[in-house]
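Only one structure is covered here, and it is reproduced in the block below.
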Amino acid sequence: MQLEKKLENLPTGTGVYLMKDARGKVIYVGKAKNLKNRVKTYFQKGGDGRLLVQHLLRRVAAVDVVLTDTEKEALILENNLIKQFSPRYNTVFRDDKTYVSIKIDLAKEYPHPQIVREVKKDGALYFGPYSSSRAVRETLRFLYELYPIRKCSERSFRGRKRPCLYYQMGRCTGPCVGLAENKAYREMINEVVLFLKGKREELLERLKEEMMREAEAERFEKAAELRDRVRAIQQTIERQKVSSPSLIDRDVFGYYKEGREMSIQAMFVRNGNLEDIATYNLPIHYDNPEEVFSAFLNQFYSHTRFIPREILIPIEVGDAPLLEEILTERKGQGVSIISPKKGEKIRLVGLAMRNAENAFRARHSTPQRQKAVLQGLKNALNLKNLPGRIECFDISNIGGRFAVGSMVTFEGGLPNKNRYRRYRVKTVPQADDFAMMEEVMTRRYKKAQVGAIHELPLPQLTIVDGGKGQLGVALKVMKKLGIKDVDIVALAKARRGDPVGRPVDSRQQTVDRETETQDRVFVPGKSVPIFLATDSPELLLLGRIRDEAHRFAITYHKKLRQRQFYRSPLDEIPGIGPARKARLMKCFGSIENIRQANLKDLKELASLPARQAELIYHHFHKDRE
Ligand code: SF4
């Protein structure tokens with residue numbers, strides 16, 4: 001009652017609202033143009049449509065608001081409050097990466113590149129920040145090897161009476177004791193700056209010109225030194241995987257979502273060169289990917305991080321114009337946030353999306369994680385064995401024609417393509433998926449049972465694509481062959497109104513029988529299917545295996561159909577292989593000409609043996625004979 005009363009008294013201005021639980025803990029922070037209207041939508045029937053709201057509302061005991069002058073201020077405040085309270089129902093991005101930058105203070109008499117953690121407004125040049133300090137150290141090592149510039153700290157530089165070992169090795173010109181000529185030293189630093197700015201082509205041009213001048217003046221030692229520098233820089237250019245014709249600084253984002261996790265990939269492109277890549281993993285509790293990505297982006301730039309001129313994102317984000325304004329103000333220069341649709345920019349976003357998926361897969365394919373999922377599957381489906389090796393069958397045909405079966409194998413939760421098998425259905429002429437499945441499974445397990453040399457050993461779990469009927473067929477095959485130790489399940493897409501099984505453990509969930517559409521698992525001895533939670537890793541694994549079996553079957557089925565499409569009447573004549581077929585077509589030009597040819601022509605023109613020529617002739621003239 002109190003809450004309802006408070007809602008009525010909410011202001012209609014712009015600002016931020018904080019939802020709190022009964023203990024006063026902030027559990028959600030949001031911003032709104034009209035606070036009263038926005039907050040009220042949560043409490044209307046059906047909420048604001050997000051699944052999150054149902055969970056959130058069960059816990060909300062109070063709503064506080066903070067008014068701001070503009071939406072931009074509201075976005076900044078929202079970010080700060082999320083960072084401060086880490087509310088349970090917000091997507092909270094914690095950037096635990098340690099960033100480093102390279103600093104060159106040109107105001108110093110003998111500047112040199114240094115690694116620093118903090119970017120200060122002190123007039124020095126800063127490059128980065130980079131998320132990989134190892135890569136930064138390697139870059140500096142490369143530059144220190146290429147240029148005989150100082151490598152020591154400020155303190156060591158000031159206190160020296162004699163140059164250090166670097167001088168003796170020829171890797172420093174010794175500015176600490178006045179041995180270096182300032183103009184030549186500055187030249188080197190300018191080149192280092194060009195390199196770090198990514199203007200490597202410009203730097204190469206400069207070095208090549210200098211090399212020519214030195215060679216013409218017959219200073220061959222210096223020319224050789226420059227040649228080595230040119231080569232080393234050329235190699236770094238070749239190593240650049242992503243280069244963009246536009247030489248501006250941009251951050252490119254991609255994401256990949258599966259189950260309750262999202263991997264976001266950020267590619268930091270500086271002067272057209274990909275300087276750094278970082279991956280961030282976020283949990284997805286209740287929101288959709290767009291909301292999570294939007295929350296991430298807002299929080300990402302609220303840290304003291306370098307702001308590029310352009311930010312490329314894979315989806316439209318509602319707050320992008322506000323964020324653009326905030327970042328433009330902070331940078332003091334125009335910043336654009338673009339969700340590209342075509343051209344070079346969409347190519348870069350596509351690359352980030354692919355990288356995000358790779359990063360996600362790499363993270364989830366560790367043996368420990370896979371083992372945990374397999375153990376989860378064993379518990380959820382009450383299996384006898386830990387399903388270390390899983391085989392899955394699918395059938396593909398069109399009205400009984402071009403009928404094929406596929407079997408894919410997953411070991412330790414990952415596909416093993418060497419152990420995939422495909423079958424051309426031989427004994428079932430009509431459209432009968434059950435009979436086809438029986439034939440394919442019998443062929444597979446009969447050989448395994450007798451220990452055929454090239455046949456694979458039995459798996460721990462067999463999955464069939466389908467429902468109760470397919471499960472019955474699989475059980476029949478195993479019984480017929482006397483195979484007892486293999487677990488068998490069937491995986492089917494749910495239909496509306498399916499009866500719902502009781503949950504076996506926390507991985508299972510009951511579903512709304514009228515509306516829910518999700519995969520269901522049939523197990524032996526149970527009349528109702530098991531529903532695993534939609535985004536559980538166990539169901540995702542089962543779905544991935546079933547989809548792979550489907551892909552493998554349909555690819556073979558399509559191949560057979562195509563082969564039929566290109567089939568020639570000559571294929572029906574026994575003894576006419578591809579070589580003779582090609583020779584006949586070369587001699588006569590078309591099937592019609594072969595049909596018109598007499599026996600003599602067939603023998604002589606195509607140099608066919610008499611028996612083959614007769615076979616062809618009779619094949620085309622059997623109606624007349
Ligand atoms: S020679 Fe002098 S300036 Fe060069 S690295 Fe050694 S101490 Fe530093």
TODO: Please give the strands (runs of 3 or more DSSP E) falling wholly within region 390-491 in which 2 or more residues are surrounded by fewer than 23 Cβ atoms within 10 Å (Cβ to Cβ).
DONE: 401-411, 421-424
TODO: Only residues that are surrounded by 14 or more Cβ atoms within 10 Å (Cβ to Cβ) and farther than 30 Å from Leu312 by Cα: list them for region 347-371, please.
DONE: Gln370, Lys371
TODO: Look at Glu154 and say whether it is among the acidic types (Asp, Glu), more than 7 Å from the ligand (Cβ to nearest atom) and buried (at least 18 other Cβ atoms within 10 Å of the Cβ).
DONE: no
TODO: Evaluate region 335-346: report whether one residue or more is under 24 Å from Leu282 (Cα atoms), open to solvent by 60 Å² or more (accessible area, probe 1.4 Å), assigned to a helix (DSSP H, G or I) and out of contact with any helix residue (DSSP H, G or I) (no Cβ under 6 Å at 6 or more places or on another chain).
DONE: yes
TODO: From Glu214, Glu187, Glu191, grab the single residue that is of a type in the set (Asp, Glu), without any contact (Cβ under 8 Å) to a residue 60 or more places away in the chain, farther than 20 Å from Gln114 by Cβ and part of a helix (DSSP H, G or I).
DONE: Glu214
Task: Residue within region 185-201 that is within 16 Å of the ligand (Cβ to nearest atom), under 20 Å from Asp276 (Cβ atoms) and open to solvent by less than 30 Å² (accessible area, probe 1.4 Å) present - done: yes
Open item on the list: With the requirement that a residue be in a helix (DSSP H, G or I) and exposed (fewer than 14 other Cβ atoms within 10 Å of the Cβ), what does region 51-71 give you?
Closed with: Leu51, Gln54, Leu57
Open item on the list: Can you tell me how many residues within region 166-182 are at pLDDT below 90 and within 7 Å of the ligand (Cβ to nearest atom)?
Closed with: 0
- [ ] Give region 440-461 a look and list any residue that's modelled with pLDDT under 75 and touching a Gly at 6+ places or on another chain (Cβ under 9 Å), or say none.
- [x] Gln449
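The values are calculated or read from the model by the stated rules, or taken from the named source; none is laboratory data. The structure displayed is predicted, hence computed values, not measured ones. All Cβ positions, even for glycine, are placed from backbone atoms using ideal geometry, and neighbour counts span all protein chains on display. Keep in mind that these areas ignore ligands, DNA and RNA; they rest on the heavy atoms of the full protein, side chains included. Shrake-Rupley method; radii C 1.70, N 1.55, O 1.52, S 1.80 Å.
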